[in-house]
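Read the structure below first, then the notes.
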Amino acid sequence: MSSHKKQHWIPDTYLNAWCDPDPERQNPRRVHRYNTNGSYRDYRPPSRIFTMDDLYTVLDPDGGRDLKTEHA
């Protein structure tokens, strides 16, 4: 298991408003993406966009993850 945690810089709860609303689809939780010129690019679930490993994680001097804030 990876020691890293994906963290959103745009909250997942905000991305929910942009998800495909059709519950009949195989995966209704997806966001359609477009290129800057307006052409269709693809779609992704919100868990795979606007994320970065350990974006807000505080690291110890030895490089370990300090999770005191997240556990509080």
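Quick notes on this structure:
- A search for C-beta distances below 6 Å between a residue of the range 43-72 that is on the phi > 0 side of the Ramachandran plot and any residue that is surrounded by 11 or more Cβ atoms within 10 Å (Cβ to Cβ), counting only pairs 6+ apart in sequence or on different chains, returns Phe50/His8; Phe50/Ile10; Asp54/His4.
- For the range 22-72, the candidate set comprises residues that are in contact with a helix residue (DSSP H, G or I) (Cβ under 8 Å, 6 or more places away or on another chain) and among the hydrophobic types (A, V, I, L, M, F, W, C); within that set, the residue that is surrounded by the fewest Cβ atoms within 10 Å (Cβ to Cβ) is Val58.
Laboratory data are not the source of any read-out in this text; all were calculated from the coordinates shown. None of these values were measured; they are calculated from a predicted model. Quick reminder, even Gly has a Cβ in these numbers, built from the backbone with ideal geometry, and neighbours come from all protein chains shown.
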